[in-house]
Amino acid sequence: MVTRIALTGLASAVSVVSLTLTGPAGAAPALPPGIRPPAGHTRPLEWGTGPLTVAALPRITYVAHRGGAREVPENSMTGLMAAYERGTAQVLDFDTRLLRDGTPVVFHDETLNRTTYLGGEVRGLDAREWQGVRLRPKDALPGSWRSERPPTVAEVLDRFGGRIVLMLEAKDPRGLDRLAGLIRARGLTRSVFVNSNDPEVARRAHRLGLLAQLWRSARQLRTDRPERWRSYVDLLDVDHRARDADLVRAVGSGIRRVWAHTVVTDAQRDRVLALGCDGVITDAPGRLARAAQRGAQRAAQRGARP
């Protein structure tokens with residue numbers, strides 16, 4: 001059942017501030033046909049002749065969690081596009097759920113209440129009814145944002161697939177086969193991480209030929225033995241609030257990538273990187289990138305002094 005929540009004023013057209021993040025040294029190859037970077041945008045990753053894959057990720061990777069939920073409306077097409085154009089993250093993260101008819105859509109919660117003008121369960125709608133859902137941007141977000149329909153997973157894959165690495169969480173494991181079909185049909189099996197908190201779902205994703213990501217809470221990491229998952233987990237996603245010893249054990253598990261969530265401050269980022277994590281999943285990719293740039297500029301200035 002879906003109930004309507006009273007509308008407040010809708011935000012006006014989106015305001016996007018262009019930010020840059022310097023990429024690997026050397027000239028980048030030509031962009032794929034028909035793809036053009038925004039003005040003033042420096043790509044953080046190199047382009048090849050085919051879809052961009054995880055092989056192009058830098059040594060330290062930044063992920064825009066839900067598109068950067070402290071900077072843009074979470075899990076919105078406009079928010080994901082803003083994060084992509086700003087270039088402050090090399091990976092775009094979004095959540096997925098299933099509608100009543102099996103359509104995978106981009107949404108975090110089980111219900112519509114928190115982030116839209118409607119109420120009720122997401123799984124209570126079909127694809128036609130989904131057309132009437134409108135996101136409710138938070139008042140605290142910087143800039144002005146319009147209300148828009150949450151996208152389907154197919155729409156996000158079509159917009160960004162192969163242009164930037166993607167990370168999607170399978171909130172409803174029943175939809176894993178459907179997600180795998182969408183990813184495979186677009187040739188993106190090496191370009192999209194499929195995330196879950198359940199090791200068995202990660203194992204299933206691996207068997208389906210997908211890049212398997214497993215996230216764990218600080219409490220879970222106290223008793224986890226991550227080395228047991230290294231044969232099928234491509235990315236271990238750890239809670240930054242975990243104890244030092246638990247993060248160090250995760251880093252030493254043999255799993256190739258260990259990224260920390262959900263980081264929002266410089267101190268949190270610096271700690272997880274110092275403990276060996278090689279990625280940061282953040283709600284504020286723009287702010288962390290700007291802070292990193294300022295730090296690099298200050299270091300360069302100190303080095304230039306006589």
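The values are calculated or read from the model by the stated rules, or taken from the named source; none is laboratory data. Every value quoted in this text rests on a predicted model; they were computed, and no experiment measured them. Backbone-built Cβ (ideal geometry, glycine too); neighbour counts: all protein chains shown. Note: areas computed on protein heavy atoms with side chains; ligands, DNA, RNA excluded. Shrake-Rupley method; radii C 1.70, N 1.55, O 1.52, S 1.80 Å.
Within the accessible area of segment 125-216, what % is carbon and sulfur when the probe is 1.4 Å and the other protein chains stay in place?
Details: 1670 of 3850 Å².
Exposed carbon and sulfur together represent 44 percent of the surface.
Over the Cα atoms of segment 121-213, what radius of gyration and what Dmax do you get, in Å?
Cα only, segment 121-213: 15.0, 43 Å (Rg, Dmax).
From the phi angles alone, apply the Karplus equation (6.51, -1.76, 1.60; θ = phi - 60°) to segment 78-94 and give each ³J(HN,Hα) in whole Hz, x where the residue is Gly or Pro.
The phi angles translate into 5, x, 5, 5, 4, 4, 5, 6, 5, x, 8, 9, 9, 9, 9, 9, 8 Hz.
How big is segment 250-297 along each principal axis, measuring the range of its Cα positions in Å and listing the largest first?
The Cα atoms of segment 250-297 stretch 34, 21, 15 Å along their principal axes.
Using only the Cα atoms of segment 54-303, what semi-axes does the equivalent ellipsoid have when each is the square root of 5 times a gyration tensor eigenvalue? Give whole Å, largest first.
Square roots of five times the eigenvalues give 28, 23, 16 Å.
Using the Cα centre as the reference, give the magnitude of the dipole from point charges on the C-beta atoms of segment 54-303 (Lys, Arg: +1; Asp, Glu: -1; all else neutral), rounded to the nearest 20 debye.
With Lys and Arg at +1 and Asp and Glu at -1, about 560 debye.
Mind checking Rg over Rh on segment 57-191, alpha carbons, Kirkwood formula for Rh? The partial results should precede the final answer.
Details: Rg = 14.3 Å, Rh = 15.1 Å.
Looking at segment 57-191, the ratio lands at 0.95.
State, to one decimal in nm, how far the label point of Arg243 lies from the label point of Arg59, with both points 7 Å from Cα in the Cβ direction.
Spacing of the two 7 Å Cα→Cβ label points: 3.0 nm.
Taking the mean number of other Cβ atoms within 10 Å as a proxy for protection, how do you rank 255-264, 77-86 from highest to lowest?
The packing order, highest mean first, is 77-86, 255-264.
Taking just the alpha carbons, could you work out the radius of gyration and Dmax for segment 129-272, both in angstroms?
So, for segment 129-272, Rg and Dmax equal 17.1, 48 Å respectively.
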